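In what follows, a structure is listed as structure tokens, so that the remarks can point back to it.
Any read-out appearing in this document is the output of simple, stated calculations on the displayed coordinates, not a laboratory observation. Since we're looking at a predicted model, the values are computed, not measured. Note that we place each Cβ from the backbone using ideal geometry, even for glycine, and neighbour counts take in every protein chain shown.
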Amino acid sequence: MKMSSVARGLTKHRLQLFAATLASAWCLQACASRTASPPPPAAVVAKPTPASPAAAEPTFDELLERVAHIPAPPPPSPYTPAEALSVDTADVPAFALLDFDPSRLHQRAWVGTPKLAYTPRGLTVVAKPRRPRLVSRVYAVLDPDDGATSRRPRLLCEHDGPYRIGVAFDVDDLETVITTPSLLQPSSSPVSEGETTPGVALAPGVRVMALDSEGSMTRVQLERGKLTAEGYVATEQLGAVFSSATQPLVEWTDNATLIRPIEFRASPGGAVFARSAPQHRNTARRFGSEHDGYVLIGYEVDASVVTTGWVDAVAVARGLPYPLPGGAQVVTGVLCGVAAGGRAQPEPRYVKLTRGTLLRTVGSNEVVGVVTFDHQAECRRGCNTPTPRVRPGGCGVDLTLKATPATSVAE
């Protein structure tokens, strides 16, 4: 049977497609064989080595024989205690003895940012402050050094850890304070002081800023909590050293409540000499009746500062405030912080200091302090020597002192 021309054309076309498919498959197989990586080498299998025969374990008799031949240890050498460090305590000041009683010291002084610190006896420079202090502190006074040409009171510092250190400062570097009970008055003219005399009653130890002098009076500025005042005090009542034994400034009973910030005046409508923003529910003493829209009150800021003057009557309410539920109280305060920056400091080293260790200056070897109880102290140099250099705190200055064991300090 003869095929038509159409059938012959289709058969020829299919044969051509089949041939092209075979050629493409052959080409792909050839290219793959040329680019394929060689097969990995056959792994070499190590031949196992014959195990050596295990050593025979010693018998019990053999172990006893070995123990019997172990030599005995040599006898210990006799103990010889280390020789105590020879310390001369004849130059130890009284405050560096452990039986010294700091409660006998009644004079105080405020230290802010002193320029130099001196040893209490030789008055040699022992430290310089590295940074200003943000908060002043009060310390007991060993010797006020009254009458000296270059006055340098000696202070006893016990606030900075388990140390008792004596340091001297120039009197000009100490803060100006009220030395005897006084009245900050609005004018420089003398006034008769009394319970209702306008002004600010100040107890010894209150810090003020001296501005200028006018005769026997000095104009000062006071900042105490929420109170600010400016007026005159007697120049002889200002100084750097004061007595801590004081009497209460007032003995009255409050009978009014302050309900808004107030301004104190010497007379109704007169000049303002003090301002205060009382805290919540503060009370005061009201004297007499209202005059020209003002009332005379006495406001006890704290036990050391009492302000008396004429204030706007609308700022004072008669009677005491009602107590808060449950006896609750409103307490306010200020939290101050200082962020430290700069390079990271290495971890400090510490040495153990025992009670009675004397603290001497590195240069003059003068005794300036004593350790009052055992503790770990920061070491700066010579940490493995009998006299390491330690860093105790002392009246706000950076001290490096030599720790010397004392064998005869009074207990």
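Quick notes on this structure:
- Proxy reagent accessibility, fewest Cβ within 10 Å first, across 299, 294: 294, 299
- Charge dipole of segment 349-404 about the Cα centre (unit charges at C-beta), most positive-ward option of 383, 357, 404: 383
- Relative to the 2.2 N^0.38 Å rule of thumb, segment 96-223 has a C-alpha radius of gyration ratio of 1.24.
- Relative to its residue count, segment 349-404 spans a Cα convex hull of 77 Å³ per residue.
- In segment 230-326, GluC sites (Glu not before Pro) in a DSSP loop with at most 16 other beta-carbon atoms within 10 Å: 251
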